[in-house]
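Please treat every number below as a calculation from the coordinates, not as lab data. Given the structure is predicted, the values throughout are model-derived calculations rather than measurements.
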Amino acid sequence: MKFYIATDHAGVVIKESVKAYVISRGHEIVDLGPFNEERVDYPDFAKKCAYSVLEDKGSFGILICGTGIGISISANKINGIRAGLCHDAYTASMCRAHNDANILCFGQRVVGMGVIENMIDAFCDTAFEGGRHSGRVDKIECSFGNNF
Ligand code: RB5
């Protein structure tokens, strides 16, 4: 699988460990920044990742901020993005199986590397179930299109 990863300043420290784990599992990952702990605004990095995922069909994203909340809210404003804010392997698996999530989000201040590894595995190993979930996922899209 191919991933794009972005964070804000409150997610940047764990980014290197996350990248290393994703690579160790045989996946590709493109780092969209930031590259230091200077304060930045999470919507800017959510958008970078979201548009990269939309432009590169079949790719996925990982977004990290302090809680995962701001960066997931931001990504979900973009049509075609389904960013799942996850806290454990169950939520990471279900956001793929039922919601066809294309971005995995979590908080650096919330989960540690052990849980993150389990979430990445669950996200990667779970396919969208389709069926009754397809119509629901279709209804998520905003008929007014993207505002950015
Ligand atoms: C930054 O301090 C923090 O507010 C941000 O990373 C995130 O947790 C917001 O949702």
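Hydropathy first: keep DSSP H helices in the chain averaging at least -1.0 on Kyte-Doolittle, then drop any whose Cα extent along the axis falls short of 24 Å, and list what survives.
On the way: long enough: none.
Span-like helices in the chain: none at all.
Averaging over all projection directions, find the projected area of the Cα convex hull of the chain and quote it in nm² with one decimal place.
The Cα convex hull of the chain, projected and averaged over all directions, gives 7.9 nm².
Across the chain, how many lysine pairs, 8 or more apart or on two chains, come within less than 18 Å at their alpha-carbon atoms?
Lysine pair count for the chain: 13.
What does the extension gain come out to for LEU54 and LYS2, with contour length at 0.36 nm per residue minus their alpha carbon separation?
17.5 nm
When the chain is modelled as a GNM with alpha-carbon springs shorter than 10 Å, which of ALA75, ALA101, ALA127 fluctuates the most?
Of ALA75, ALA101, ALA127, the Gaussian network model singles out ALA127 as fluctuating most.
Amide H neighbours of VAL30 under 5 Å, at least 5 residues apart or on other chains, H built in the peptide plane: list them.
It is PHE3, TYR4, ILE5, by chain and number.
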